[in-house]
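Working notes, beginning with the structure itself.
The values are calculated or read from the model by the stated rules, or taken from the named source; none is laboratory data. Everything numeric here is computed off the predicted structure, so don't read it as measured data. Glycine also receives a Cβ, built like all others from the backbone with ideal geometry; neighbour counts cover every protein chain displayed. The area values use the complete protein model at the heavy-atom level, side chains included, leaving out ligands, DNA and RNA. Shrake-Rupley method; radii C 1.70, N 1.55, O 1.52, S 1.80 Å.
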Amino acid sequence: MTKLTTRDLTTIAIFGAIWGALEITLGSYLHVIFPPLTTPLVGTGTIMTGIGMIIALMGYLFVPKTGAVLMIGVVTAILKALSIGGVKLSPMLAIIIECLLAEAGLVLARKPSRWGFVLAGALAVLWTFFHKFFGSYVFLGRAITEVYLGMLKQGSQALGIDVSLALVIIAAFLLIRIAVGAVAGWLAWELGGAVRGRLAR
Amino acid sequence: MIEVVDLNVSYGEHKALEDVSLHVEAGEFVLLTGPSGCGKSTFARCLAGLIPHAATAQTVRMSGSVRVDGLLTAEHALPQLAAHVGLVFQNPATQLFCLTVEEEVAFGPRNLGLSPDEVAARVRFALAATGIEHLRRRTVNALSTGEQQRVAIAAVLAMRPRILVLDEPTSNLDLKGTRAVLDTLESLCRQYGLTVLVIEHRLHDLGRLADRLLVMDGGRIIADDTPQHILGQKELLARLGVRYPWHVLQDDWSALLPGGLVPRPGSDEEPPLVALQNVEAGYGRHAVLKGLDLALSRGEFVALVGDNGAGKTTVARVLAGLLKPRRGKVIWNGDTRVGLLLQNPLSQLFCDSVEEEVAFGPRNFGHFSAALLDEVLEIADLQELRTRRPYALSSGQQQRTALAAVLSLMPEQLSKPRKPVAPPHPRQRGIGVRRSPAGLGSPAGARDGLLILDEPTMGQDWRHLSGFMDFLSQLNGRGMTILLITHDYKLICRYARRIVVLQDGRIVADGTPRLPLAVPGQPPMETNLPVSQSTDLSASQSAPGGSFTSFRTSLAIRREQL
Amino acid sequence: MQMRREWTQAERQVLSVWGYLSFLVGAVAMAMLAPGSRVFVVLGLVVSFCVLFCTGSLRLLRHARFWLLIALALFLSPFFIGEKDVTLWGLRLSRQGFWAGLWMTGRALSIGLAFNGFARRVSVAELATLLEGVGLKGLGFALGVAFNALPIIQEAAGDAYTAMRLRGGFRRQRFVALKKLLVTIVASSLRRGEEIVDAAEARAFDPARAQGRLARPTRADLLLAFALLCCNLAILLPPY
């Protein structure tokens, strides 16, 4: 990871705290509005990740160094654990993996740019679809994939639709997430520029 | 111990310090004061070596020499200097980097590369010296601001500096917090023989502790003598806008008011503007206000005081309609616009120029007009700053911008004529509830206005503070009811005509300060004079709309009295 | 008196952060590698460890979401894994699926308790120091700053939202108002950053030097690590 100065670390901390504050306050409201079972379409996870990516990518604009977004995510994840009085592994892991994917997008883009942010945001929010399955795979093992595939097959039969249609539905869910992430990246670029303008003396 | 010779510091074209020279002996307690922007904080940063070494000082130019405890700051790195001179900043929250008190105090010694045993020994020393051993295991962000500031002092002390520099350490604290910090400073100086330099506006708190008082203006030290001698030069202090020390600090709000509070006179002829009846309100399960009864009359200037957590902000939120009471009633008599100004101006500025900021609210409510914008900017003395970025302004200007943005939503109040005020009853000393002669008052159909200000005075020097308060008095003279939440007791006694003391969500005292005011060494004098009784009305009367600057000029004589 | 009490507590703490880290890694590896019914041996070892060294970790069993995951494995597996060879209450179920569900349950419990035990016994400062060790230098400092800045940022965000509401920001263009709100919250927070940098440098902070120091591994830590390694190897051995 690139060397970070005191100012870089302070900026990272502030963005981590902002994201943490949003996770703590908005997260509980969104869980009421979006019950857990609505997650596949657009649930709490997608929206919170989108918001989080706006903050984290804005932070990257002020600390354009490899690892900055990951550091912001780790700070947020630990802050969230501290403030809710206990470690909830799944959301912490989600934040960290999303930030790693965002870092991958930024590395591909090489320098801060609007399209780099769009790519980073899209990759990060895309993970929200896979996270639940990833978590189940880690906790329950390979056998759970058989359960999911069995559910897909029997569900298709029960509804009288082709399995390939189910794949189309899944693709639609993925596209929604990519769109949310892309918009988050776009907004991060816009808002980051606005913050810079506001701070200019 | 401190030797400064021909120190000059510039930020770009702006000269912050000019030919500053100073010698401080070991063990001295020095107080440094001056108006905002005179270079005090820059001087403190030079003493600590932040200028020229810190990351934030890269664009700063410095010449001359600063020697602390035998070390030239320009020739030694910050880690070396930190073991000789410690700097405590104004805001505790921005100088705390760890989760617990113990880790926080150990932070500095660890940065010096000391062994774990030495770090532990220094932590023990620092906690004992500041009297906060009982806080050792506590989480830092759960402490009160006063406790946090003492932790910050302990954290600096753990590096065992021989010089301690504190930049306005009490400006963000309430009375209890201020008292605790001052007691700590006194013991550090007397028991441990530290050389202490404190930058402060509140001279009455520290004047008795200091051996020496320095006054700065325009980047230069213009006075250097004992506190007794300098504080006798009232003209100098008034010219610089430095607050004259007024009273000995006490902890209890009710006891602070000379002679105690006079209970309010019986019920007024007209119904109150708003009445809170047996109100219970709070956040989550916690009730902050418990059976509160409070009535505000039209045109009153009320100060709401109390320790942190007493419920002052909750009262403001209930009155502003942001928080619904769980029990009790809020009864409004007539149509009233309520404006709420919060403590931190930066949290209330949303636009990229002052005029956009002031126009923002009216645009949203659909009653924007260029004439209203001009009027509000004129009244708030922001005409020359209208195209400036709010973040580029000073904190006082930002505060005025935020206030103007609130006032732009109360246009009826701004266009009201001044209410003539009947002279006080011969037996009534000072001001009670003002009664308007029959037939006068608000034009029919015009809305009443209630302006609530939640701690708008934090961190401001006396010149800006008194200007701001004079402006509020002007608004009050136009019939605006003002509810001011503040910790500043001198301000309250000078401007407010009624004081309500809140404790644990209940009112424990409510009345008018008794006059005359006793100032040590000075003849008793009248204060809280009504606006119309100022000795020079011509400036304000010639311009019916009035303006911030002209009003301030007309009250110059009144300010001199204190 | 207080010093002696602290020393006694330290003495009682048999394992350091290294012990709990090796427990986490060892337990998760065993749970993932254990074939079939051996996963219940792993579960037994994990539960025993938690009872002895981190009883608080058992609170995981109170969380409804965790049991939802267990129910998913236990009750759905008989329907979707393997051939359906049993009929129960009119439902066709698979014996293979039932056992697969049981193994999954054992694995989930083992991994969940291991993570929870680690999280309960290792402080945030130690966690940050561990992460600094793997390349996230300065994390401890950033975490401390963020933790102390959090209440101020929450308050500033609340004030900004209040001010925006009072000035009718959400009446017309909500999206523009939200944008202004977020910019204000971020900008006002970043403004404080300069003060924080100054204060940190005045206390000789240098990001290049690691702040925290972890305790050295104790004898118990090393024994535990060795024992876990042996258990992992034993798990992989074919059955007799």
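Taking segment B:103-124 as the range and being part of a helix (DSSP H, G or I) and open to solvent by 50 Å² or more (accessible area, probe 1.4 Å) as the test, the residues that pass are B:E103, B:R110, B:P116, B:D117, B:E118, B:R124. Taken as a whole, the condition of being modelled with pLDDT of 85 or more, in contact with a helix residue (DSSP H, G or I) (Cβ under 6 Å, 6 or more places away or on another chain) and either within 14 Å of chain A (Cβ to nearest Cβ) or closer than 19 Å to A:S136 by Cα (or both) applies to C:L76. In the set B:R61, B:R67, only one residue is of a type in the set (D, E, K, R) and either surrounded by 22 or more Cβ atoms within 10 Å (Cβ to Cβ) or farther than 25 Å from B:C189 by Cα (or both); that residue is B:R61.
Residues of segment C:118-131 being touching a Phe, Trp or Tyr at 6+ places or on another chain (Cβ under 7 Å) and either more than 10 Å from chain A (Cβ to nearest Cβ) or open to solvent by 40 Å² or more (accessible area, probe 1.4 Å) (or both), which ones? If the condition is that a residue be touching a Phe, Trp or Tyr at 6+ places or on another chain (Cβ under 7 Å) and either more than 10 Å from chain A (Cβ to nearest Cβ) or open to solvent by 40 Å² or more (accessible area, probe 1.4 Å) (or both), then C:R121 is the only one that fits.
Scan segment B:21-58 for residues that are within 14 Å of chain C (Cβ to nearest Cβ) and open to solvent by 10 Å² or more (accessible area, probe 1.4 Å) and jot them down. Selection gives B:S41, B:T42, B:R45, B:P52, B:H53, B:A55, B:T56, B:Q58.
Identify, from the list A:L100, A:L93, the residue that is more than 9 Å from every other protein chain (Cβ to nearest Cβ) and at pLDDT 95 or above. Walk me through how you get there before you give the answer.
On the way: A:L93 fails: at pLDDT 95 or above.
Just one listed residue meets the conditions, A:L100.
For segment B:142-162, filtering for residues that are surrounded by fewer than 21 Cβ atoms within 10 Å (Cβ to Cβ), touching a residue at least 60 places away in the same chain (Cβ under 8 Å) and either touching a Ser or Thr at 6+ places or on another chain (Cβ under 9 Å) or within 22 Å of B:D307 (Cα to Cα) (or both) leaves 3. Candidates are the residues of segment B:315-354 that are under 18 Å from C:M164 (Cα atoms) and of a type in the set (S, T, N, Q); the one that is surrounded by the most Cβ atoms within 10 Å (Cβ to Cβ) is B:Q348. Look at (1) within 14 Å of chain C (Cβ to nearest Cβ); (2) buried (at least 17 other Cβ atoms within 10 Å of the Cβ) and you find that B:Y11 fails only one, number (2).
Total residues in segment B:364-374 satisfying the condition of being of a type outside the set (A, V, I, L, M, F, W, C) and surrounded by 18 or more Cβ atoms within 10 Å (Cβ to Cβ): the figure is 1. Summed over segment C:132-177, residues that are assigned to a loop (DSSP other than H, G, I, E, B) and either surrounded by 22 or more Cβ atoms within 10 Å (Cβ to Cβ) or of a type in the set (A, V, I, L, M) (or both) total 6. Being under 19 Å from the mean Cα position of the chain (by Cα), among the aromatic types (F, W, Y) and at pLDDT below 90 narrows it down to one of C:F147, C:F118, so name that one. Unique residue meeting the criteria: C:F118.
Within segment B:398-418, if we keep just the residues that are open to solvent by 20 Å² or more (accessible area, probe 1.4 Å) and at pLDDT below 85, the residue that is nearest to the other protein chains (Cβ to nearest Cβ) turns out to be B:P411.
All conditions but one from (1) in a loop (DSSP other than H, G, I, E, B); (2) touching a Gly at 6+ places or on another chain (Cβ under 6 Å) apply to C:T129; the one that does not is (1). The sole residue among A:V168, A:V163 that is more than 22 Å from the chain's Cα centre (by Cα), at pLDDT below 85 and among the β-branched types (V, I, T) is A:V163.
Rundown of residues vs (1) open to solvent by less than 10 Å² (accessible area, probe 1.4 Å); (2) touching a Lys or Arg at 6+ places or on another chain (Cβ under 7 Å); (3) closer than 22 Å to B:L17 by Cβ; (4) not assigned by TED's automatic domain parsing to the domain that holds B:H23, yes/no style:
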position: B:L164; (1), (2), (3), (4): yes, no, yes, no
position: B:D174; (1), (2), (3), (4): no, no, no, no
position: B:T178; (1), (2), (3), (4): yes, no, no, no
position: B:Y192; (1), (2), (3), (4): no, no, no, no
position: B:V198; (1), (2), (3), (4): yes, no, yes, no
position: B:R208; (1), (2), (3), (4): no, no, no, no
position: B:L213; (1), (2), (3), (4): yes, no, yes, no
position: B:M216; (1), (2), (3), (4): yes, yes, yes, no
position: B:I222; (1), (2), (3), (4): no, no, yes, no
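When C:G138, C:G144 are screened for being at the interface with another protein chain (Cβ under 8 Å from one of its Cβ atoms), touching a Pro at 6+ places or on another chain (Cβ under 6 Å) and closer than 30 Å to B:A93 by Cβ, only C:G138 passes.
On the stretch given as segment B:358-390, residues that are over 12 Å from B:L407 (Cα atoms), of a type in the set (G, A, S) and within 13 Å of chain C (Cβ to nearest Cβ) total 1.
Report whether or not B:L87 is in a strand (DSSP E or B) and within 11 Å of chain C (Cβ to nearest Cβ). When the stated conditions are applied, B:L87 passes them. Of the set (1) at pLDDT 85 or above; (2) surrounded by fewer than 18 Cβ atoms within 10 Å (Cβ to Cβ), all apply to C:R5 but (1). Residues that are touching a strand residue (DSSP E or B) at 6+ places or on another chain (Cβ under 7 Å) and either among the basic types (K, R) or under 30 Å from B:A281 (Cα atoms) (or both) do not occur anywhere in segment B:345-356.
Cβ-Cβ contacts under 8 Å between residues 6 or more apart (or on different chains), taken from a first residue in segment A:141-160 that is more than 10 Å from chain C (Cβ to nearest Cβ) to a second residue that is of a type in the set (G, A, S), are listed as A:G155/A:A166; A:S156/A:A166. Among the criteria (1) within 23 Å of B:R400 (Cα to Cα); (2) in the same structural domain as B:V501 (by TED's automatic domain parsing); (3) assigned to a loop (DSSP other than H, G, I, E, B), the one B:R317 does not fulfil is (3).
In segment A:171-187, is there at least one residue being within 14 Å of chain C (Cβ to nearest Cβ) and open to solvent by 50 Å² or more (accessible area, probe 1.4 Å)? Within segment A:171-187, one or more residues are within 14 Å of chain C (Cβ to nearest Cβ) and open to solvent by 50 Å² or more (accessible area, probe 1.4 Å). Please work out if C:A202 is farther than 30 Å from A:T25 by Cβ and either without any contact (Cβ under 8 Å) to a residue 12 or more places away in the chain or more than 7 Å from chain B (Cβ to nearest Cβ) (or both). Considered against the rule, which asks whether it is farther than 30 Å from A:T25 by Cβ and either without any contact (Cβ under 8 Å) to a residue 12 or more places away in the chain or more than 7 Å from chain B (Cβ to nearest Cβ) (or both), C:A202 comes out as yes.
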